[in-house]
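The block underneath contains the structure these notes are about, expressed in structure tokens.
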Amino acid sequence: MRAPAGDTAPRGACYSLAAMSLPEIEIPCPDDWHLHLRDADMLGAVLADTAAAFARAIVMPNLKPPVTTAAMAVAYRERIRAALPTASAFEPLMTCYLTDNTDPGDLAAGARDGVFTAAKLYPAGATTNSDAGVTDVARLDPVLAAMSAAGLPLLVHGEVVDDTVDIFDREAVFIERVLEPLRRRHPGLRVVLEHVTTAEAVAYVRGADPARLAATITPHHLVINRNALFAGGIRPHVYCLPVAKRERHRLALVEAACSGDVHFFLGTDSAPHTVAAKENACGCAGIYNSVTALATYLAVFEAAGALGHFEAFACRNGPAFYGLPVNARRVRFGRGAAWQPPAQRATGAGPVQVFAPPLELCWQQVAG
Ligand code: NCD
Ligand code: ZN
């Protein structure tokens with residue numbers, strides 16, 4: 001579902017690349033619909049980067065131990081609010097980590113009380129801190145029925161955990177084996193297929209009712225393919241899950257994000273790990289991109305000639321899916337000289353490598 005032909009300029013935006021020497025766009029403040037903020041020593045530093053760029057974020061629950069109850073989510077939300085920079089209006093939107101033992105009553109009450117904005121399905125063993133995840137999705141049916149009734153979206157890490165399935169095929173196989181049957185069993189359930197990485201996922205999402213199925217797309221999957229993992233040696237700082245795929249998949253993601261299609265919206269999957277945990281014989285999966293995410297997305301949209309669709313992707317499609325208002329506060333981004341991101345961000349847990357995309361970062365927020 002593309003935006004109507006001719007609808008290429010963001011509503012109310014001041015945007016004229018040709019006429020201005022320093023092009024600018026003005027849009028509602030973007031949101032991040034998939035984010036890892038961590039906790040304790042790491043939370044403050046990474047939260048400051050997100051709060052500087054985004055008005056709201058869907059906060060992933062894969063802490064140790066995971067956020068599995070409404071009470072745990074309330075406590076985590078308090079820790080996030082306490083760690084916010086003074087005067088920040090950033091709003092964390094909390095999620096529940098589904099397990100084999102999730103209590104549908106607690107989940108529904110958490111949704112009703114405005115604690116939970118969504119719940120997250122991690123197949124057990126699929127990614128970082130997913131050991132407590134769901135071992136058999138069929139056993140989740142009572143929980144999914146309660147979520148359908150409560151209108152609570154299901155966020156999905158869409159990879160099968162199966163050693164006989166090649167790691168580069170796990171997303172496409174998940175759609176066929178798990179997601180499509182699940183959606184048939186629960187036709188009223190609203191689902192976000194998180195951090196899509198393949199042409200198959202793009203096509204699958206596109207073919208569904210956008211009120212029932214959507215997808216987030218990360219900045220890194222828009223700019224790297226799987227070659228980046230092995231460029232001159234093994235590159236732990238571009239290792240994440242789902243892992244980057246072939247170039248043809250990257251191109252499908254760029255096309256989807258830049259099309260203005262309501263099914264697709266911004267989710268950074270910014271996932272900080274310390275440099276020590278990444279540069280390791282068994283390095284953790286996850287890329288910390290909060291510092292460079294918006295500039296990376298803007299560079300991709302500009303290169304695709306699609307800046308007019310950036311507002312849909314970054315500011316409108318996410319709220320439309322979640323039934324939330326578009327942010328009233330507006331922000332301006334200007335295109336100027338290339339800027340260098342910091343190589344690392346210091347956190348209380350140790351330094352974290354900042355994602356440096358393989359392109360020039362020329363866009364940044366300018367004072368309102
Ligand atoms: C995430 C993390 O580190 O928590 N890692 C990642 O590679 N994306 C978990 C996830 O979203 O899969
Ligand atoms: Zn994630």
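The values are calculated or read from the model by the stated rules, or taken from the named source; none is laboratory data. Predicted model, so just to flag it, every value in this text is computed and none were measured. Ideal geometry is used to build each Cβ from the backbone, glycine not excepted, and the neighbour counts take in all protein chains shown. For the accessible areas, the whole protein counts, side chains as well, though only heavy atoms, and no ligand, DNA or RNA atoms are used. Shrake-Rupley method; radii C 1.70, N 1.55, O 1.52, S 1.80 Å.
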Against the longest principal axis of the chain, how steep is helix 70-83, in degrees 0 to 90 to the nearest 10, with axes from Cα atoms? 30
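Can you compute the helix-only [θ] at 222 nm over the chain? Use -39500 (n - 2.57) per DSSP H run of at least 4 residues, normalise by all residues, nearest 500 deg cm²/dmol. Working shown, then result.
Working: 12 runs with 104 residues, N = 368.
Here the helix-only value at 222 nm equals -8000 deg cm²/dmol.
Quick one: dipole size for region 24-366, taken about the Cα centre, charges +1 on Lys/Arg Cβ and -1 on Asp/Glu Cβ, in debye to the nearest 20. Working shown, then result.
Numbers: 30 positive and 35 negative charges, 89 e Å.
It comes to approximately 420 debye.
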For labels at Glu360 and Ala52 in the simple 7 Å Cα→Cβ model, what's the distance in nm? 2.2
Region 73-105 versus region 215-284: alpha-carbon centroid distance in Å: 25
Using alpha carbons only, how many angstrom separate the centre of region 301-343 from the centre of region 107-175? 28
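Need one number: % antiparallel among DSSP beta bridges in the chain, to the nearest 5.
30
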Say each of Asp113 and Ala138 gets a label point 7 Å from the Cα, pointing the same way as Cα to Cβ; how far apart are those two points in nm? 3.4
A correct Karplus calculation of ³J(HN,Hα) over region 184-197, with 6.51 cos²θ - 1.76 cosθ + 1.60, θ = phi - 60°, whole Hz and x for Gly and Pro, returns 5, 6, 10, x, x, 6, 9, 10, 10, 7, 7, 5, 5, 10
So, R0 is 22 Å and r is the distance between the beta-carbons of Asn101 and Lys64; what FRET efficiency does that work out to, to 0.05? 0.80
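Evaluate the Kirkwood expression for the hydrodynamic radius of the chain, namely the inverse of the mean inverse distance over all pairs of different C-alpha atoms, and round to one decimal in Å.
Numbers: mean 1/r = 0.0486 Å⁻¹.
Computed over Cα pairs of the chain, the Kirkwood hydrodynamic radius comes out at 20.6 Å.
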What are the ³J(HN,Hα) values, in whole Hz, obtained from phi via the Karplus relation 6.51 cos²θ - 1.76 cosθ + 1.60 with θ = phi - 60°, for each residue of region 48-65 in sequence order, with x given for Gly and Pro? 4, 5, 5, 5, 6, 10, 10, 7, 9, 8, 7, 9, 6, x, 8, 7, 10, x
Carbon/sulfur accessible area of region 24-366, % of total, 1.4 Å probe, equals 53
Got a sec to turn the phi values of region 89-94 into Karplus ³J(HN,Hα) couplings, 6.51 cos²θ - 1.76 cosθ + 1.60 with θ = phi - 60°, whole Hz, x for Gly and Pro? 9, 4, 10, x, 10, 8
Show me 109-118, 283-292 ranked by packing, highest mean number of other Cβ atoms within 10 Å first. 283-292, 109-118
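With viscosity set to 0.692 mPa s at 37 °C, what whole-number translational diffusion coefficient in µm²/s follows for region 206-307 from Stokes-Einstein and a Kirkwood radius over Cα pairs?
Values: Rh = 14.5 Å.
Using the Kirkwood radius from Cα pairs, D works out to 226 µm²/s.
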